[in-house]
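Data block below; observations after.
The values are calculated or read from the model by the stated rules, or taken from the named source; none is laboratory data. None of these values were measured; they are calculated from a predicted model. Here Cβ is always computed from backbone atoms with ideal geometry, including for glycine, and neighbour counts include all displayed protein chains. With ligands, DNA and RNA removed, areas are computed over all heavy atoms of the protein, side chains included. Shrake-Rupley method; radii C 1.70, N 1.55, O 1.52, S 1.80 Å.
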Amino acid sequence: MLDINTKVSKLKRINIDSNVINYLKERLSNLYIKIGEIYQGNIFDLMNQNALEGWCCQTTESAIVFLDDNDYLERGYLTFENIHSRYYHSWICFNYNSVDYVFDPVLNLITKKNYYERLFNTDVLVKIKASELKKELINKITSYKPVECKNKVLKELYDKYKNEEAIMSVPDDITEPLYRNNSGYKMKLNNNKIKELKAHYYY
């Protein structure tokens, strides 16, 4: 069994049609991410800086809302031969020209879904459709009202941004569209479609 770096390198050596990459870049061009008070920028810039490690749930949830309704994210385990032999993770599955692909922003990967599943021996616990994420995120943002933050770790940033961003308060339930997500969001809607999204991840 191969370790994580070897597996990622192996997938990156497989040529992917540049049209697939350009498609994703265009669809995600209006997603802006800020991480704490340190990193901020386009998702692809942050991928190249390896800044998204540890933010797989938040990033896949933020990105999937720009893709087609029938695309989906998966949550589950990837398998490696090292200390993290069962790596809990979230990744996006999307279709382009009738071919299924995986977009994994944390591992900086865009590859065919069957390659990803086979090499990582994925154990999928739940699938969430893009349409569900869009509906839930729009509902959470439009109904947002600041409340007292009881989380001591988040309180300082929450108090600073609570009147500027819709800060998620979500259950720790893997089957829910938004999961393990304490991010703050700003969005622009057009005909109930998300046209621009600014996501702020809180440490």
Considering only Asp172, Asp123, Asp104, give the residue with the highest GNM mean-square fluctuation for the chain, with springs between Cα atoms whenever their separation is below 10 Å. Asp172
Using the Kirkwood formula on the Cα atoms of region 96-203, what hydrodynamic radius do you get, in angstrom to one decimal? 16.2 Å
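How much mean residue ellipticity at 222 nm does the chain get from its helices, if each DSSP H run of length 4 or more adds -39500 (n - 2.57) and you divide by all residues, to the nearest 500 deg cm²/dmol?
On the way: 7 runs with 62 residues, N = 203.
The helix-only estimate for the chain comes to -8500 deg cm²/dmol at 222 nm.
Just to be sure I follow the definition: excluding the sites themselves, where is the longest run in the chain that has none of the GluC sites (Glu not before Pro) in a DSSP loop with at most 14 other Cβ atoms within 10 Å? Numbers along the way, then the final one.
Working: sites that count: Glu37, Glu53, Glu81, Glu148, Glu164.
The longest such stretch corresponds to 82-147.
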Only Lys, Arg (+1) and Asp, Glu (-1) charged, at Cβ; the chain dipole about Cα centre in debye: 240 debye
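Counting only protein heavy atoms and a 1.4 Å probe, tell me what percentage of the chain's accessible area is made up of carbon and sulfur. Walk me through the numbers on the way to the answer.
Details: 4730 of 10780 Å².
After summing per-atom areas, the C and S share lands at 44 percent.
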Rg ratio (alpha-carbon, reference 2.2 N^0.38 Å) - region 28-171: 1.12
Expressed per residue, the solvent accessible area of the chain in Å² (1.4 Å probe) is about 53 Å²
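What number, in nm² with one decimal, is the all-direction average of the projected area of the convex hull of the alpha-carbon atoms of region 86-156?
On the way: hull surface 30.5 nm².
Over all viewing directions, region 86-156 projects a mean Cα-hull area of 7.6 nm².
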Dividing the mean separation of Cα pairs under 8 Å (6+ apart) by the residue count of region 70-177 yields a relative contact order in percent of 24 percent
